[in-house]
Every structure is written in C-alpha cells, then in structure tokens.
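Heads up: the structure comes next, in structure tokens.
Every number in this text was worked out from the coordinates using simple rules, so none of it is lab data. It should be emphasised that the depicted structure is a prediction, and the values quoted were computed from it without experimental measurement. Don't worry about glycine lacking a Cβ; one is built from the backbone with ideal geometry, like all the others, and counts go over all protein chains shown.
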Amino acid sequence: MATDAPPDGGQSLAARVRARFEGPNTIGNSNGFWVGFLVAVAALVAFPLVGNAEQFSLFLVLSLLGLSLSVVWGYTGVLSFGQVVFFGLGGYTFAVVSINVSTPGGITAAVLAGVVGGGIGAAVLGYFMFYGGVRDVYVTIITLVATMVLHTFMAQTAGSEWTIGEAALGGFNGMPDIPLLKLGVGAASFQFMYNAIPVWVPGFGTVELDPFYYLALVLLVGTYLGLRALVNSDYGRAMVAVREDEDRTRMFGYNVKRIKLVVFILGGALAGLSGVLYAARNVFIDPTVFTLLFATLPVIWVSVGGRKSLLGAIIATIAIEYIRVTLGGELALVMLGALLLGTILFLPNGIVPWVHKQIRQNRPAPADAEGPETPDPTEASES
Amino acid sequence: MSESETEPESRPLGPNVRQTAAEMATGDRTDTLLQTDGLVKRFGGFTATDDVDFGVAEGELRCLIGPNGAGKSTLLKLVTGTYEASEGHIYYDGHDITDLEPHERVQRGISMKFQVPSVYGDLSVRENARLPIQRFADGAERRERVDRAIEAAGLTGYEHVDASALSHGQQQQLEIGMAASLEPDLLLLDEPVAGLDVAEREAIAERVTRLNEEEGIAFVVIEHDTDFVASIADEVTVLHNGEIFLEGPIDEVKADPAVQRIYLGEEE
C-alpha cells in the first residue's frame with residue numbers, strides 16, 4: 001500500500017502498523033477506540049462461557065454478509081440488492097463440492113470454491129452492469145431481479161435431473177447432505193462442527209467450547225481489520241471518491257468502471273464466504289437464501305448501522321438478528337420495518353456514526369488537534 | 001478497426017478550425033493540441049452541439065462564451081469523454097481520442113474542473129489534494145506535490161481543515177489546484193468564478209494566467225463574465241444554439257451587435 005507518509009522518524013513498528021488501519025474513512029482512530037475494540041473482542045471470546053454460542057455464531061456469519069454490502073454500497077456507492085445472490089452461490093457451491101468430495105481436503109477445497117464462486121458470480125454480473133454503462137438505481141434493480149431469478153430457478157431443481165455428481169440440488173427441499181465442516185488435509189485436519197472441545201476455565205471449571213464459533217469470530221475480526229486497511233489505503237480513498245462523484249473521479253484519471261467491478265467482486269467473494277459458513281453451520285441450504293426478505297436484510301442492517309461504517313454494519317447485523325430471532329414471526333417484520341423507517345427519517349447516516357459524532361462532540365479537544373506541524377503518519381486526520 | 005481509426009475525411013479549413021482532421025492524421029501543423037471535427041451531440045431530439053469544429057493550440061488560453069443552453073458545457077464534456085459524441089471526431093495531440101474512456105483522456109493530458117465545486121467535504125484539504133496525486137506519485141515525491149498543490153491554491157495553513165469548511169472561493173481554488181496537479185497539457189474550466197467576489201475573481205484570474213504562462217498549460221475557460229474573460233484571454237469563441245457563432249479578440253466580440261443580441265435573447 002502506497003502512502004505519502006513521511007519517512008520513519010523514530011515511529012515504533014506498532015504505530016506504523018496501526019496507521020494502516022486508521023484514516024478518515026473509518027470510525028475509531030483513537031487509543032480509546034482500540035482499547036474498546038480489544039475489550040469487545042475479548043468479550044466475544046469469552047461469550048460462549050455465558051451465552052448461546054451456537055446461536056451467536058449465526059450472527060457472526062451474517063456479519064460478513066453485512067460487511068460485504070457495506071464495502072460495496074457504503075464505500076463505493078453501488079447499492080446492491082443482490083449480495084444474497086453471491087451468498088447463495090457460495091453456499092450452494094460449497095454444498096455441491098463438499099458432497100462430491102467429502103474428504104477433509106475436499107471440504108477445504110469446497111470452502112475455497114464457495115468463496116471463488118461468489119466472486120465469479122459478482123464478476124460476471126458486475127462486468128455486464130458496469131462496463132455496460134448501468135448506474136445508480138438500475139444496478140439496484142438488476143441485482144434485485146438477479147435474486148428473484150435465482151430464487152425461481154433454485155426452487156424448481158427438485159427433480160433428479162438437477163443432480164451434480166452426488167449432490168442433488170433438491171428444489172425447495174434444499175440440500176441436507178452437506179458434510180460436517182473440516183479444514184485441512186488428511187490427518188492434518190480439524191472438524192469445526194459438532195466437535196465441542198472441553199477446556200478448563202478458571203471460575204467456570206471444564207466447559208465445552210464450539211470451535212465453529214471461534215472460526216467465525218476469527219474470520220470476522222480478520223475481515224474487519226482487512227477492510228479497515230483497504231478503505232484507508234490509496235485504493236480505498238479512490239473507492240470513496242467514486243461513491244462521492246464518479247465523473248469527478250474519472251477526471252483524476254481513475255478507471256471508475258474497474259474500481260466498481262473490483263469492489264463488487266470483493267463484495268461477492270465476502271458474501272460467498274458468509275454463504276459457505278452459513279451452509280456449513282446449518283449443514284443445510286435451500287432457496288430461502290434467495291427470497292426477497294433475506295435479500296432485504298443486508299440493506300436494513302447496513303442502513304441502520306451506518307452504511308459508511310464497517311463497525312456499524314457488524315453491530316447492526318448482530319443486534320438486529322438477535323432481536324429478529326428473539327421476537328420471531330410477524331412482530332419481527334414489523335420491528336424491522338419500523339427500524340428502517342425510523343433510521344431513514346431521523347438518522348439517515350445510521351446509528352453508529354451518530355453515536356460516534358455525539359462522543360466526539362462531547363470529548364474535550366486535544367490541544368494540538370489540528371496542528372499542521374503534527375501530521376498523522378498516513379497524512380490522514382480523524383473523521 | 002473502429003470507425004474513428006479510419007482515414008478522416010478532408011474538411012475545408014474554416015475560421016474555427018486550427019487543423020483539419022487530415023492534417024492531424026499526417027502530423028502537419030503540430031502546434032494544435034485539440035481539434036474537434038464535426039462534433040455533434042444529441043440528447044433525444046435536442047441537438048446540444050451541432051457540427052462543431054473547435055481548435056486549441058498548445059499553450060493557448062481560449063475562453064468559450066455564449067448564452068445559457070449554447071452547448072458550452074456539453075462541448076467540454078464531449079472533450080473529456082463524460083458525454084459520448086453522436087457524430088464527429090476529437091483529436092488530441094495528433095491522435096483520435098473519440099473512442100477513449102474519460103480516464104484514458106486524463107492520462108493523456110486533459111483535465112477538467114466542473115462547474116459546481118464538489119470537493120470531498122468530509123476529507124481535509126490535504127486529503128483532497130492527495131487524491132489525484134496518489135495515482136501516479138508515491139512517498140516523498142507525493143508529499144512534495146501535495147505541498148505544492150496546496151501552496152499554489154493559497155491554502156497553506158488549511159491543510160487539516162475539512163474541505164466543507166472552506167469558502168466557495170477557496171473550494172474553487174482547491175478544485176483548480178487538484179486539476180492542475182495532474183500536470184495536464186489542456187485544462188478545461190467550467191465557470192470557475194461563478195458566485196465569487198471581486199477579490200476572489202482576481203485571484204483565480206491570476207492563478208489561471210500564471211499556470212498558462214509559467215507552466216504552459218493550455219486552457220479552455222467557460223465564463224459569462226466578459227470582464228473576467230478580458231482579464232485572462234485574448235481570443236474568444238462564441239457558441240450559440242450548439243454552433244460556433246463567432247471567434248475573435250474579446251473586444252471585437254463584445255462589440256459585435258449580433259453577439260449582443262444573442263446575449264439579450266433578441267436573435268431568432
């Protein structure tokens with residue numbers, strides 16, 4: 001990643017590494033934020049001791065889907081209603097490959113195939129949209145239509161003719177024969193599903209911990225940090241410039257179509273990863289992942305949390321899904337609608353950026369807050 | 001081979017044509033930087049520019065004037081590739097660029113500042129200035145170029161201020177600085193002094209003149225204010241109903257009764 005950061009003037013390695021994750025395109029560039037971040041990660045690590053880790057792992061998996069929309073819509077301005085297309089492609093690809101090659105190595109390859117499948121789906125759809133001159137709301141309409149087309153298509157795959165090798169797509173009945181998630185090759189592999197590990201924890205005694213929960217947590221934290229580095233890089237600044245004004249960004253010599261396509265593919269691969277983990281966790285996938293309701297959920301998570309905030313996408317996904325699962329039924333749908341309406345009317349930038357703004361306004365300004373003589377290592381000031 | 005790469009048709013050399021397409025193809029009269037050849041842009045049934053042959057020499061500073069709806073902004077957006085031409089060709093530095101993407105035209109040396117300033121308000125002045133420069137410069141060179149761009153825009157001391165907090169005139173200066181930081185050979189400015197006070201207009205005029213004279217950047221400037229035009233340019237092109245109406249020195253153009261009529265809306 002290229003920056004115009006000044007040469008290292010005695011900065012520690014930690015400061016230089018930290019600078020990669022900070023900038024005007026992310027919330028939280030202070031010491032307080034990083035302390036809070038570490039506390040939150042520690043709390044999530046400890047959560048299985050006191051809460052339902054199996055249920056919570058679903059929220060972590062779906063947070064990856066939320067992040068995929070945040071980076072595509074929030075940071076590049078492409079409102080995709082079709083993230084679930086790539087989510088479903090990832091899940092179905094994982095299911096088909098893992099059923100056909102159910103060795104640990106085959107299942108590991110199936111995970112990669114699912115991620116690549118999501119990325120390829122996004123590459124094909126994105127290429128025709130962005131290089132075909134489709135912009136703005138028409139992208140939203142096309143991606144929504146793609147979702148509905150896939151739902152209709154997958155729903156009619158119940159017949160035996162819709163079998164790929166050993167894997168029957170199953171129509172509305174879905175694919176129930178997905179093998180348990182194992183990563184690695186041969187003896188050097190580990191089963192992440194239904195393989196609780198007994199661990200002795202001070203104060204709790206011996207507890208059984210779900211390895212899938214920790215896999216999802218590691219992937220989510222890694223993805224969040226990776227995306228923070230991306231959106232604060234040169235490329236991330238160009239992405240944000242595209243979001244703000246495409247024509248102007250072209251006049252700086254940027255290939256806007258390519259930037260949108262690359263980010264769309266990245267978003268597709270991330271959604272694919274989320275779909276893989278979703279199918280692996282449920283040991284099942286069916287066409288409900290392509291329904292209109294499921295397609296709407298990422299848009300609601302990201303709108304409520306704050307589409308220009310990676311952190312907002314994660315917090316809102318976890319909170320909304322927790323409430324949705326807890327309430328259940330029609331009441332959950334009413335709650336979702338009210339939440340979306342309320343956010344659009346009163347907090348159009350989302351809840352997390354609003355909270356961040358309140359914290360900043362109420363925090364005493366440091367004496368050298370805007371001193372030009374103390375430039376940030378990445379030449380970026382806090383937002 | 002695309003249509004634009006075929007041998008261009010030879011056209012008569014009119015008063016608005018610096019160089020015919022045929023001459024462009026043979027490399028004659030190489031002082032011509034930009035030449036449009038029969039450029040037409042239609043929006044549905046409306047023709048915004050009609051058979052426009054517009055030329056700019058290397059290092060020239062030319063103003064483009066005309067009443068609202070004359071096709072001035074459309075012509076510039078055709079040159080940058082923001083709009084695709086319905087007919088005709090655009091030659092730049094001896095090459096047909098009609099089919100090039102906008103970013104490819106920028107990489108060849110064309111830059112533009114749009115009419116409405118749209119600096120990235122959430123970013124600081126320095127972060128704004130870095131955006132065009134980060135594409136091609138790195139490390140110390142980048143820092144130096146960003147520093148220079150900020151200094152040239154008269155915004156030293158404002159580096160860490162959010163761009164949205166700048167005055168309208170400062171935002172215009174920042175925009176011009178960002179466009180100029182690409183070191184273009186041709187810079188297109190769409191109404192750079194609209195809404196500015198006298199002092200800010202003078203500052204922009206001085207900036208444009210300096211970039212033109214010291215760095216040799218050719219300019220096409222759209223402007224309604226004829227006093228501003230007179231302060232920066234000798235030659236003016238008048239556009240009317242999508243066609244080139246008149247070209248010549250600003251004093252002659254201002255005194256032309258027909259030009260006065262079209263500005264007052266009395267013609268046709």
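General remarks:
- For the stretch A:125-269, fraction of C-alpha pairs farther apart than 23 Å, in %: 64 percent
- For the stretch B:120-165, the Kirkwood estimate of hydrodynamic radius, built from reciprocal distances between every pair of different alpha carbons, is 10.4 Å.
- Where labels lie 7 Å past Cα in the beta-carbon direction, separation of A:T152 and A:V355 in nm: 4.1 nm
- Nearest 10 degrees, 0 to 90: helix B:168-180 Cα axis against chain B principal axis: 70 degrees
- Shielding of B:125-137 by partner chains, average beta-carbon count, 10 Å: 5
- Pairwise label distance in nanometres, A:Q191 with A:E166, each label 7 Å out on the Cα-Cβ vector: 1.5 nm
- Percent breakdown of C-alpha pair distances by 20 Å bin, ordered from the shortest bin, for the protein assembly as shown: 17, 42, 30, 11, 1
- Applying 1/(1 + (r/R0)^6) with R0 = 60 Å to the Cβ-Cβ distance of A:V45 and B:A258 gives a FRET efficiency near 0.15.
- The charge dipole of the stretch A:53-290, taken about the Cα centre with unit charges on the Cβ atoms of Lys, Arg (+1) and Asp, Glu (-1), comes to about 660 debye, rounded to the nearest 20.
- Residues in the stretch A:300-315 reached by a label modelled at A:F346 [backbone nitrogen below 17 Å; 7 Å Cα→Cβ]: A:303-306
- If the chain linking A:E54 and A:D177 were pulled fully straight, counting 0.36 nm for each residue of separation and taking away their Cα-Cα distance, it would gain 42.3 nm.
- Shielding by other protein chains, B:98-109, mean Cβ within 10 Å: 3
- Long-range HN-HN contacts of B:L239 with modeled amide H, under 5 Å: B:I65, B:G66, B:F245
- Shielding score for A:227-234, defined as the mean number of other chain Cβ atoms within 10 Å: 1
- The calculated pair-distance distribution of the stretch A:50-118 uses every alpha carbon pair, bins of 5 angstrom beginning at 0, and gives 4, 17, 17, 18, 19, 14, 8, 3, 0 percent.
- Rounded to the nearest whole angstrom, the semi-axes of the ellipsoid equivalent to chain B, taken from the Cα gyration tensor as √(5λ), stand at 31, 23, 16, largest first.
- Most to least packed among A:329-335, A:254-260 [average Cβ atoms within 10 Å]: A:254-260, A:329-335
- Here chain B carries DSSP beta bridges of which approximately 55% are antiparallel, counting only pairs with both residues inside.
- Applying 1/(1 + (r/R0)^6) with r as the Cβ-Cβ distance of B:F46 and B:V116 and R0 = 25 angstrom yields a FRET efficiency of 0.70.
- Rounded to 10°, Cα long-axis angle of helix A:83-100 versus longest principal axis of chain A: 40 degrees
- The stretch A:1-149: equivalent-ellipsoid semi-axes (sqrt of 5 x gyration tensor eigenvalues, Cα, Å): 32, 26, 17
- For the stretch A:72-175, the fraction of alpha-carbon pairs in successive 10 Å shells from zero, as %: 15, 39, 30, 15, 1
- Each Cα pair under 8 Å and six or more residues apart adds its sequence gap; the mean of these over the residue count of the stretch A:53-290 is a relative contact order of 41 percent.
- Kirkwood hydrodynamic radius over Cα pairs of chain A, then Stokes diffusion coefficient at 10 °C and 1.306 mPa s, in µm²/s: 72 µm²/s
- For the stretch B:57-171, the mean projected area of the C-alpha convex hull, equal to one quarter of the hull surface, is 9.2 nm².
- Bridges between two residues of the protein assembly as shown, per DSSP, are antiparallel at a rate of about 65%.
- Scoring A:235-248, A:114-127, A:271-284, A:14-27 by mean Cβ neighbours within 10 Å over their residues and listing the highest first yields A:271-284, A:114-127, A:235-248, A:14-27.
- Annotation for A:L293 and B:E141: the two label points, set 7 Å from Cα along the Cα-Cβ direction, are 5.7 nm apart.
- FRET efficiency, A:A319 to B:D227 (Cβ-Cβ, R0 56 Å, nearest 0.05): 0.40
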